[in-house]
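Structure first, commentary second.
The values are calculated or read from the model by the stated rules, or taken from the named source; none is laboratory data. Note that this is a predicted model, so its numbers are computed, not measured. Positions of Cβ are generated from backbone atoms using ideal geometry, with glycine treated the same way; all protein chains shown enter the neighbour counts.
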Amino acid sequence: MITYDFEKPIVELEKKISELRKYAAEVNIDAATELGSLERKRDVLSQEVYAGLEPFQRVQVARHPQRPYLQDYLRLLCTDFMELHGDRRFADDQALLGGFATLAGRRVLVLGHQKGRDVKENMRRNFGMAHPEGYRKALRLMTLADRAGLPIVSFIDTPGAYPGIGAEERGQAEAIAVNLRDMIGLGVPVLCVVIGEGGSGGALGIGIGNRVLIMENAYYSVISPEGCASILFRDAKRAAEAATALKLTAKDLLQFGIVEEIIAEPIGGAHRHPEHAAQLVKAALVRHLDELCAMPPDALRQQRYEKFRRVGVFSEA
Amino acid sequence: MSLFSRIRRRRPPIPDGLWLKCQSCAEIIYVKALNENFKLCPKCNHHYLLSARERIDLLCDADSFSEMDAVMLPGDPLNFVDAIPYPEKQAKAREKSGENEALVTGTGTIEAIPFALGVMDFTYIGGTMGSVVGEKAARLIELARDRRLPLLIVSASGGVRMHESIIGLMQMAKTSGALFYYKQAGLPFLSLLTNPTTGGTTASFASLGDIILAEPNALIGFAGPRVIKQTIRQDLPKGFQSAEFLLEHGMIDMVVPRPQLKATIAGLLRYLLRLPVEAPPEPAPAAASAA
Ligand SMILES: [Zn+2]
């Protein structure tokens, strides 16, 4: 597992703990007291480190290659998943998946970005960067869910919509724009959760929810810190500074009223305890779904529009 | 000259001097000739940037435009500082563009047809979309819906303004959402894309026109050419992301040279509003049909 600099003291302690445990077992001594104290020390340290993360360090956690992705949540949260494929126009985008799923006894449509775990899978998944056909597939499935009366759960985790020749030729901008417009019109609950990277228009393209939740170490921004640094600070190496300036952390987003709730992560981040993280996500999803399912279609549309309509900071003389 | 180098070059406003060197064909042209020719180069037809006010004068019947929300000013929700603090950037942009923000909205008539009009001004922070652009656009769309007016928005924009980050990004959702209700009311939205229209502006209202028009050779895209080039590490095809390229790929309806814009838009509106057909002109002399 990749270890970031700020995680090193925690990893050191973990190594000590496992060495002591192994040694105690080998020589058959009781090390419970020492182990307990080391574990407590590790938990306190983890909590301290994670509470004090700089914005760019959170971005790093959000990008951790072992962080749970959509398919992990599907496996850990859902008792069934029937994937549906294709946009009926060009291709089946493997960077954005969707299908029917059963979540805590509820039938829903789940969709979201999917990154790859290794180089080979990332070739297929395009690092979670969807093409227009991904956004068009998403809308096709959401429209279907609307007709079937199924609530929609959208998992956001993308560095951004893919910037490439084919994407431009096939109307990346139009695909996203149409989603932004037509998601407002869905008569079923739409619940979004940013589980990793909320990369600009590529995230928003499946992000028009009645409620938008975000995990503690996820981020959501108009541009990547690196992109912002290279444009505004003329130096991509100033990404950490840009991450701070962009106010992209879960806490910032809650303060701005962009998200309704922060889903806490297990100490040490979701990548260290995926099962625990999934349980916390599940509890939040079920609670919000239950509330939204009580709303009639028109109220859902209206509330969704109002949520985005009211965002903006300006003055009128 | 490649599109890539064309858009990277800084473009100073046209000076008051008597002549200038065309930035496209490098011929010497008289400023007066340029101004009398819709700001098109008389030699190569290059479409120079129009300010929002020049665009309004071009499209609206004389003195018909009535502006809304003229005094709406942006805040600084992130306390953003790059080279200078964002409020200072706003002040400089106001001075440079003569506008309070990057979008001017209002109502007017075009060939006597009442319509709602929004025009972006690229000179104000690259026509970027922040809270004010989003709010003014949403109010314009809502007003057009309430008064059952056709709607035209003229885009010229570098996308969402980074200085407002996530709040800027959400303006894409706000404007597109307003267009959902506008569309539901059965009213026509025309989108005119001018050089350049990119990023979150293209990925929201600018791409949602029932009919999409563009000026010749305008750069139009989601990602900017530089970002794409960096990502794919290849040269971009000739004419990539030009208005003509989008037309060829089925993304827009028409490429319309500036002198024909007003008549074209009014002509489209007459169809969309099903206005009565005017009496046809006198038939041509019979000889004309013999050939
Ligand atoms: Zn010229």
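Just need a number here: residues in region A:202-211 that are farther than 10 Å from B:ALA173 by Cβ, outside any loop (DSSP other than H, G, I, E, B) and within 12 Å of another protein chain (Cβ to nearest Cβ).
Total satisfying the criteria: 2.
Do we find that B:SER51 is in contact with a Ser or Thr (Cβ under 7 Å, 6 or more places away or on another chain) and surrounded by 17 or more Cβ atoms within 10 Å (Cβ to Cβ) in this structure?
Answer is yes for this residue.
Among (1) exposed (fewer than 12 other Cβ atoms within 10 Å of the Cβ); (2) at pLDDT 90 or above; (3) within 16 Å of the ligand (Cβ to nearest atom), there is one condition B:CYS44 misses while meeting the rest; what is its number?
That leaves (1) as the condition not met.
Restricting attention to region B:124-133, does a residue exist that is assigned to a helix (DSSP H, G or I), touching a residue at least 40 places away in the same chain (Cβ under 8 Å), within 11 Å of chain A (Cβ to nearest Cβ) and over 14 Å from the mean Cα position of the chain (by Cα)?
yes
Residue-by-condition table, conditions (1) in the same structural domain as A:GLN114 (by TED's automatic domain parsing); (2) modelled with pLDDT of 90 or more; (3) under 20 Å from A:VAL194 (Cβ atoms):
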| site | (1), (2), (3) |
| --- | --- |
| A:LEU20 | no, yes, no |
| A:TYR23 | no, yes, no |
| A:GLU26 | no, yes, no |
| A:ILE29 | no, no, no |
| A:THR33 | no, yes, no |
| A:GLU39 | no, yes, no |
| A:ARG67 | yes, yes, yes |
| A:LEU70 | yes, yes, yes |
| A:TYR73 | yes, yes, yes |
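Go through (1) crowded, with 24+ Cβ neighbours inside 10 Å; (2) more than 10 Å from chain B (Cβ to nearest Cβ) one by one and return the number of the condition A:VAL222 breaks.
Single failed check for A:VAL222: (2).
When region A:258-317 is examined, which residues are found to be within 14 Å of chain B (Cβ to nearest Cβ) and in a helix (DSSP H, G or I)?
If the condition is that a residue be within 14 Å of chain B (Cβ to nearest Cβ) and in a helix (DSSP H, G or I), then A:PRO297, A:ASP298, A:LEU300, A:ARG301, A:GLN302, A:GLN303, A:ARG304, A:TYR305, A:GLU306, A:LYS307, A:PHE308, A:ARG309 are the ones that fit.
Do any helices (runs of 4 or more DSSP H) lying entirely in region A:1-95 carry at least 2 residues that are loosely packed, with under 13 Cβ neighbours inside 10 Å, and which ones are they?
The helices (runs of 4 or more DSSP H) meeting that bar are A:8-27, A:32-51.
Just wondering, is there one or more residues in region A:157-167 that are away from chain B (no Cβ under 11 Å) and of a type outside the set (S, T, N, Q)?
Yes: one or more hits.
Go over the candidates B:THR202, B:THR231 one by one and state the one that is closer than 25 Å to B:GLY168 by Cα, within 14 Å of chain A (Cβ to nearest Cβ) and touching a residue at least 40 places away in the same chain (Cβ under 8 Å).
The match here is B:THR202.
Does at least one position in region A:184-200 carry a residue that is within 10 Å of another protein chain (Cβ to nearest Cβ), in contact with a Gly (Cβ under 8 Å, 6 or more places away or on another chain) and aliphatic (A, V, I, L, M)?
Within region A:184-200, one or more residues are within 10 Å of another protein chain (Cβ to nearest Cβ), in contact with a Gly (Cβ under 8 Å, 6 or more places away or on another chain) and aliphatic (A, V, I, L, M).
Among the residues of region A:280-312, write down those that are touching a residue at least 24 places away in the same chain (Cβ under 8 Å) and within 15 Å of the chain's Cα centre (by Cα).
Result: A:VAL281, A:LYS282, A:ALA284, A:LEU285.
Check every one of the strands (runs of 3 or more DSSP E) wholly within region B:57-118 and list those with 1 or more residues that are touching an Asp or Glu at 6+ places or on another chain (Cβ under 7 Å).
The strands (runs of 3 or more DSSP E) meeting that bar are B:72-74, B:103-110.
Any idea how many residues of region B:152-181 are over 19 Å from B:PRO74 (Cα atoms), more than 7 Å from every other protein chain (Cβ to nearest Cβ) and surrounded by fewer than 24 Cβ atoms within 10 Å (Cβ to Cβ)?
So the answer is 1.
Spot the failing condition for B:LYS136; the list is (1) more than 25 Å from A:GLU168 (Cα to Cα); (2) away from chain A (no Cβ under 14 Å), and only one is missed.
So B:LYS136 meets the others, but not (2).
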